[in-house]
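The values are calculated or read from the model by the stated rules, or taken from the named source; none is laboratory data. This structure is a prediction, so every number in the text was calculated from the model and none was measured. Ideal geometry is used to build each Cβ from the backbone, glycine not excepted, and the neighbour counts take in all protein chains shown.
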Amino acid sequence: MSPRDLRRASDQRFLSVAASLTAAEWAAPSLCDGWTCHEVLAHLVTGCSLPLPDFGVALARHRGGFHAANTWLARELAARRPPAALLSDYAERSRNPRGLGRAFPSRLLVGDHVIHELDILLAIGRQPRIPAETLHAVLRTEVTVPNPFVPARAIAAGFRLRATDTGWTWGDRSPANLHVHGTAADLASVLAGRPRALPRLDGSGVPQLAARLTARGR
């Protein structure tokens with residue numbers, strides 16, 4: 001499946017899962033620091049529809065940089081649009097992204113959308129049902145493609161990674177490499193800088209991986 005088709009299929013699957021969330025779940029904190037699950041959904045809608053000049057205005061207004069602008073945009077949209085309306089917006093706009101959504105390659109968007117899905121589902125204790133093909137595409141992108149917003153490649157450097165549920169592996173077998181293994185979803189979330197799943201990972205490299213995430217979070 002091409003990255004574009006994979007993104008579209010993944011977005012449709014996410015919509016079917018997200019439609020079952022309760023009001024309390026949407027209001028709960030997500031794995032994105034300081035964002036509710038509702039605000040993560042608003043961020044996804046913004047990402048596939050906001051014109052680039054409007055994002056430039058948000059950057060200029062919020063001098064905290066990219067994250068501060070994204071936070072303001074997500075909160076502002078979430079305050080105006082309830083989850084049901086945002087899901088309708090996402091169903092319409094994710095098919096043919098505009099603005100910010102056209103500025104990034106599809107394989108990066110697949111990763112961004114899946115990680116935010118995990119930000120929601122893992123935070124509220126729901127078991128992700130993301131196909132192995134999709135998770136493998138996300139993991140491959142994380143460990144091989146430089147991304148200034150999600151430094152997963154740097155986080156993964158020096159580790160031998162293995163997804164216990166899908167068989168995905170990465171990293172050579174050098175004795176110097178430390179082993180980390182867990183489900184593909186947990187690995188993808190941790191590599192994206194979310195420490196919530198760290199207790200579910202095993203292997204000799206978990207303490208070092210935790211220390212690396214802590215250092216990057218400072």
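For the range 11-29, the criterion of being within 25 Å of G99 (Cβ to Cβ) and in contact with a strand residue (DSSP E or B) (Cβ under 8 Å, 6 or more places away or on another chain) is satisfied by at least one residue. The set of residues in the range 107-130 that are more than 12 Å from D11 (Cα to Cα) and either outside any helix (DSSP H, G or I) or in contact with a Pro (Cβ under 7 Å, 6 or more places away or on another chain) (or both) comprises R107, L118, L121, L122, A123, I124, G125, R126, Q127, P128, R129. Restricting the range 131-153 to residues that are in contact (Cβ under 8 Å) with a residue 40 or more places away in the chain and under 20 Å from A211 (Cα atoms) leaves a set whose member that is surrounded by the fewest Cβ atoms within 10 Å (Cβ to Cβ) is F149. Once the range 41-74 is narrowed to residues that are within 16 Å of D112 (Cβ to Cβ) and part of a loop (DSSP other than H, G, I, E, B), the residue that is modelled with the lowest pLDDT is L50.
For the range 158-172, the condition of being part of a loop (DSSP other than H, G, I, E, B) and not assigned by TED's automatic domain parsing to the domain that holds R200 holds for none of the residues. Against the condition of a type in the set (D, E), under 19 Å from L108 (Cβ atoms) and without any contact (Cβ under 8 Å) to a residue 40 or more places away in the chain, how does D5 come out, does it pass? Taking the combined requirement at face value, the residue satisfies it.
Hey, among L201, L213, which residue is outside the structural domain of S30 (by TED's automatic domain parsing) and modelled with pLDDT of 95 or more?
Going through L201, L213 in turn, just one is outside the structural domain of S30 (by TED's automatic domain parsing) and modelled with pLDDT of 95 or more: L201.
Filtered by the rule that a residue be touching a Lys or Arg at 6+ places or on another chain (Cβ under 8 Å) and of a type in the set (S, T, Y), the range 77-94 gives a lone residue, S94. If you go through the range 75-104 and keep only what is on the phi < 0 side of the Ramachandran plot and part of a loop (DSSP other than H, G, I, E, B), you end up with R81, P82, S94, R95, N96, P97, R98, F104.
Go through the residues of the range 19-40 one by one and say whether even a single one is surrounded by 15 or more Cβ atoms within 10 Å (Cβ to Cβ), in the same structural domain as T71 (by TED's automatic domain parsing), touching a Leu at 6+ places or on another chain (Cβ under 7 Å) and outside any helix (DSSP H, G or I). Yes, because at least one residue in the range 19-40 is surrounded by 15 or more Cβ atoms within 10 Å (Cβ to Cβ), in the same structural domain as T71 (by TED's automatic domain parsing), touching a Leu at 6+ places or on another chain (Cβ under 7 Å) and outside any helix (DSSP H, G or I). Each residue in the range 126-145 was checked for being within 11 Å of V114 (Cα to Cα) and touching a Leu at 6+ places or on another chain (Cβ under 7 Å), and 4 of them qualify. Checking each residue in the range 162-214 for being farther than 25 Å from D112 by Cβ and hydrophobic (A, V, I, L, M, F, W, C) picks out A176, L178, V206, A211.
Please work out if R126 is more than 14 Å from the chain's Cα centre (by Cα), outside the structural domain of A68 (by TED's automatic domain parsing) and charged (D, E, K, R). Yes; evaluated as a whole, the condition is true for this residue.
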